[in-house]
Amino acid sequence: MRDRRAVVTGIGVISPLGNSAPELFRALKENRSGIRLMPEWHEMFGKNIANAPVCLDPAEVKKINRKVRRTMGSAALFAGMAAQEAVAQSGIDTAVFTSGRTGCIIGSTVGSASSMTEACIAEYEGRRNDLSACHFFRLMSHSSSFNVADMFGINGPQLSTNSACASGLQALGAALELIQLGKADVVLAGGSDESTPLVASSFQLLYALAEEETDEPEKLSRPFDAGRTGLVCAEGAGILVVEELEHAKKRGADILFELAGYATNCSGWHVSHSDELQIANCMKNALADAGIDAAEVDYVSAHATGTRVGDAAEAAAIRAVLGGDTPVSSLKGHLGHTLGASGALELAAVAGMMKESIVLPTRNLENVEDCAGILLPREITPHKVRVCLKNSIAFGGVNATLICRSFN
């Protein structure tokens, strides 16, 4: 079945820089930041830390059928709204969703972190009966996936990849493999996550959060920069319509790019330190899966979150596999770290780079020291992007790499 190829025919985005793929890409080209201070979190942290929140239009939220909406926390809402955009762009006949040949795979770090917090507080205060009967469905780890499946009446395979910050990219890899194996013709796939004080404090406890108080919070997320101090949490969703090539061609779909290869592995030795050897192995395995040589890669969409150990390890792995001539950038300087959504959400920008033949730079990158030896553009650079290597790296020692190829 490996002659079955998977292509992307629709992309949907909910992000700190806009709630559509075109709006996100426009903001990135304008070098805008979605990061701001959070005075509403001051009581918990004792200071105004930075975050990159999403702003949803309540009127748009209410357009989702209440039967589905009542079981959705914020993460599932993000996924559902992104899926609506992706499906609309794809132009696919929604009757396909009930054929048994359409799947839904959406990954998250957890379900709804805010719903989890609400439930714990209610339990602690003896107010368990105040919770809605639907509350548990909002915090389940596969909440985004089953809620989106219900939105569209999807009755094929429904899965949730829950590998922290690698979740969204693993979902796309699983979609690719479902199609290659002949078990689905169409898959709604991607990632969704929400950022809350609970999420940010978890990174703070691990000394991985950029938590300085500053009048310029938009400068705190500094992937690959020598002055980086940690990541800035963010939220959002990226959902793609992944479709078997002949299925897409038969209906005359506009094909955005191909998912050409995928690999995932783990370090097997440390839960929080990135392992440059296994990141490199993951990249090599994905290239081999795609049948693409390292010299053919035109651009690397890096995971790089702004942590000292993680960025240096990924830079070393990229250098070992691709050398120093392939352009590399991380979009987390603009967006913050959208956690389980990041791998899929950032591919929306990759699609824009492929279309416009440019490479977007890493925002706030000024000085490179321990991440030297790879090509890190400082401004928008004209460059033909035909093959992109996308990395995601997660706690638990998890790595994922997806190879995307332009389609023409």
For this session: Output the number of residues of region 171-206 satisfying the condition of being assigned to a helix (DSSP H, G or I) and either of a type outside the set (Ser, Thr, Tyr) or surrounded by 24 or more Cβ atoms within 10 Å (Cβ to Cβ) (or both).
Result: 17
Seminar exercise, completed: Checked pairs for region 129-141, first more than 16 Å from Arg69 (Cα to Cα), second in a loop (DSSP other than H, G, I, E, B), C-beta under 7 Å and 6 or more apart or across chains, list as Ser141/Ser108; Ser141/Val110; Ser141/Gly111; Ser141/Ser160; Ser141/Asn162
Problem set entry | Identity of the residue in region 44-87, charged (D, E, K, R) and in a loop (DSSP other than H, G, I, E, B), that ends up farthest from Leu335 (Cα to Cα) | Arg70
Problem set entry | Any chance Gly168 is out of contact with any helix residue (DSSP H, G or I) (no Cβ under 6 Å at 6 or more places or on another chain), at pLDDT 95 or above, part of a helix (DSSP H, G or I) and not β-branched (Val, Ile, Thr) | no
For this session: Examine region 29-36 for a residue that is closer than 20 Å to Ser132 by Cα, out of contact with any Cys (no Cβ under 6 Å at 6 or more places or on another chain), assigned by TED's automatic domain parsing to the domain that holds Ala171 and surrounded by 14 or more Cβ atoms within 10 Å (Cβ to Cβ), and state whether such a residue exists.
Result: no
Seminar exercise, completed: Counting only helices (runs of 4 or more DSSP H) entirely within region 287-402, those with at least 2 residues that are within 22 Å of Ile255 (Cβ to Cβ) are 342-356
Problem set entry | Residue ID - surrounded by the most Cβ atoms within 10 Å (Cβ to Cβ), chosen from residues in region 276-288 that are of a type outside the set (A, V, I, L, M) and in contact with a helix residue (DSSP H, G or I) (Cβ under 9 Å, 6 or more places away or on another chain) | Cys282
For this session: Would you point out which residue out of Ala372, Ala341 is more than 25 Å from Ser167 (Cβ to Cβ) and in contact with a helix residue (DSSP H, G or I) (Cβ under 9 Å, 6 or more places away or on another chain)?
Result: Ala372
For this session: Would you point out which residue out of Ala320, Ala253 is touching a helix residue (DSSP H, G or I) at 6+ places or on another chain (Cβ under 6 Å) and either charged (D, E, K, R) or over 18 Å from Cys165 (Cα atoms) (or both)?
Result: Ala320
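The values are calculated or read from the model by the stated rules, or taken from the named source; none is laboratory data. In this text the structure is predicted, and so the values were computed from the model without any measurement. Methodologically, a virtual Cβ is constructed for each residue, glycine included, from the backbone with ideal geometry; neighbour enumeration extends over all protein chains shown.
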